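Report on the following structure.
Every number here is computed from the coordinates shown, using simple stated rules; none is lab data. The model shown is predicted, which means the values in this text are computed figures rather than measured ones. Backbone-built Cβ (ideal geometry, glycine too); neighbour counts: all protein chains shown.
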Amino acid sequence: MENPEISTPISISESEKTEQARHLSIPHQHKDAIGAKIGMWLFLFTELLLFGGLFLLYMAYRLQYTKDFVVAASELNLVLGTTNTIILLTSSLTMALSIAAIQRGKKKLSVAMLLATIGFALAFLVIKYFEWTAKFHHGIAPNSPELLSKPNGEIIFYGMYFSMTGLHALHVIIGMIILLFMLVFLLRGSISKTDYIKLENSGLYWHLVDLIWIFLFPLFYLLH
Amino acid sequence: MEKEHKEHLIPYGTYFLVWLSLISLTVLTVTVAGIELGRIALFVALAIAFVKSTLVVSYFMHIKFDDLIFRFFLLVALVTLASIFILTATDIFFR
């Protein structure tokens, strides 16, 4: 009953066998990159509607309290806002480059670009942290007495500011965690030249985070 | 099925050009915001944001190179979102 495969010494047949096994395993994996991508896009549409609802609320309030919004927005730090915009746009570039590199089989470049993307995400969050704490130091925080003493429109502006950039920052944190997982997959080789859909879908998520910010930035920082 | 293996390799340079355009548009939108444009200011800012997001979706998110079905999906999602916005805006204006 001894297995003849084990008893045979390692020879040419061994490498042939692994080669054969690899060929056999492919049809059993049922990888469907297009299907996976469609699923990701459908999820992104739900995200679009989630933020869309908040943008809708913003539009309604802005039409109602146009002047208060301008006054409140003038207190936001334009330099930090612009810096964060450039950081996120650049992180989108490095994300796209990371995918482009693995498509060409350049693992090291792909890892480097992914690391850069994660670094930019962290930089964005650090700047956001300083921005928020600066506001808190000036007494502007959700439900703070100083904020509540202001006109209605300004209270609503900051309510929208904290909830929308807060929800966005949460997405940046989640995106960063996803990208860290992708980094591990990339290093372990489960993301490769022939199978990189995981990285591609994470990239789609990351670009969505960038897209939302492209609209948040002019709507909160560029009112004069 | 035959399309599945025809992967489009987009040159690195294309991505750099898109990034450069995005940065330029950001500089433009910040500069324009400093000018007194009155009521048009919001529309100018939104128009620039739309151009920027089109660039991100087309190139970074590969919509330009993917199957047509993705463009169709995106269109349905955007039309839905746009109708919600237009209906709400008309409601606010004619109240």
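Working note: Cα gyration tensor of the protein assembly as shown, eigenvalues times five, square-rooted, sorted largest first, giving semi-axes of 45, 21, 18 Å.
Given a Förster radius of 30 Å and the C-beta distance between B:S24 and A:N77 as r, what FRET efficiency does 1/(1 + (r/R0)^6) yield to the nearest 0.05? Don't skip to the answer; put the middle values down first.
Numbers: r = 22 Å, r/R0 = 0.74.
Calculated transfer efficiency: 0.85.
Could you tell me which of the pairs A:K37/A:K108; A:K37/A:K135; A:K108/A:K135 are separated by over 30 angstrom between their Cα atoms in the structure shown?
Pairs exceeding the cut-off: A:K37/A:K135; A:K108/A:K135.
Classify the stretch B:2-61 from the C-alpha gyration tensor, please: rounded if a/c falls under 1.5, else prolate or oblate depending on whether a/b exceeds b/c. Since a/c reaches 1.5 but b/c is at least a/b, the shape of the stretch B:2-61 is classed as oblate. Helices assigned as whole DSSP H runs in chain A whose Cα atoms extend at least 20 Å along their own long axis and whose mean Kyte-Doolittle hydropathy is 0.5 or higher are found at A:33-64, A:78-103, A:107-137, A:152-188, A:197-221. Working note: 222 nm ellipticity from helices only, DSSP H runs with n ≥ 4, each -39,500 (n - 2.57), summed and divided by the residues of chain A, gives -28500 deg cm²/dmol to the nearest 500. Evaluated with a Cβ-only charge set (Lys, Arg +1; Asp, Glu -1), chain A carries a dipole of roughly 380 debye about its Cα centre, given to the nearest 20.
Calculated FRET efficiency, A:V126 to B:F94, Cβ-Cβ distance, R0 = 30 Å: about 0.10 to the nearest 0.05.
Ranking B:M61, A:A100, A:L88 by Cα position along the charge dipole of the protein assembly as shown, where only Lys, Arg, Asp and Glu carry charges on their C-beta atoms, puts A:L88 farthest toward the positive end. Apply 1/(1 + (r/R0)^6) to the Cβ-Cβ distance of A:T133 and A:E47, taking R0 = 22 Å, and write down the FRET efficiency to the nearest 0.05. Efficiency computed from Cβ-Cβ geometry: 0.20.
Counting only other chains, and only Cβ atoms inside 10 Å, what mean value do you get across the residues of A:30-39?
Whole-number average of other-chain Cβ neighbours for A:30-39 is 2.
Segment A:K193..A:L180, full-extension length gain: 2.8 nm, with 0.36 nm per residue of separation and the alpha-carbon distance subtracted.
Write out the chymotrypsin sites (Phe, Trp or Tyr not before Pro) in the stretch A:70-156 meeting two conditions: DSSP loop, and at most 15 other Cβ atoms within 10 Å of their Cβ.
On the way: sites: A:F120, A:F124, A:Y129, A:F130, A:W132, A:F136; in loops: none.
Those that pass, being in a loop and sparsely packed, number zero.
Scaled to the compact-protein estimate 2.2 N^0.38 Å, what is the alpha-carbon radius of gyration of the stretch A:32-222, rounded to two decimal places? Intermediate results must be reported in sequence, preceding the final value.
On the way: Rg = 18.7 Å, N = 191, 2.2 N^0.38 = 16.2 Å.
For the stretch A:32-222, the normalised Cα radius of gyration is 1.16.
Taking every residue in A:102-112 and counting other chain Cβ atoms within 10 Å of its Cβ, the average works out to 1. Per residue of A:87-97, other chain Cβ atoms within 10 Å of the residue Cβ number 5 on average.
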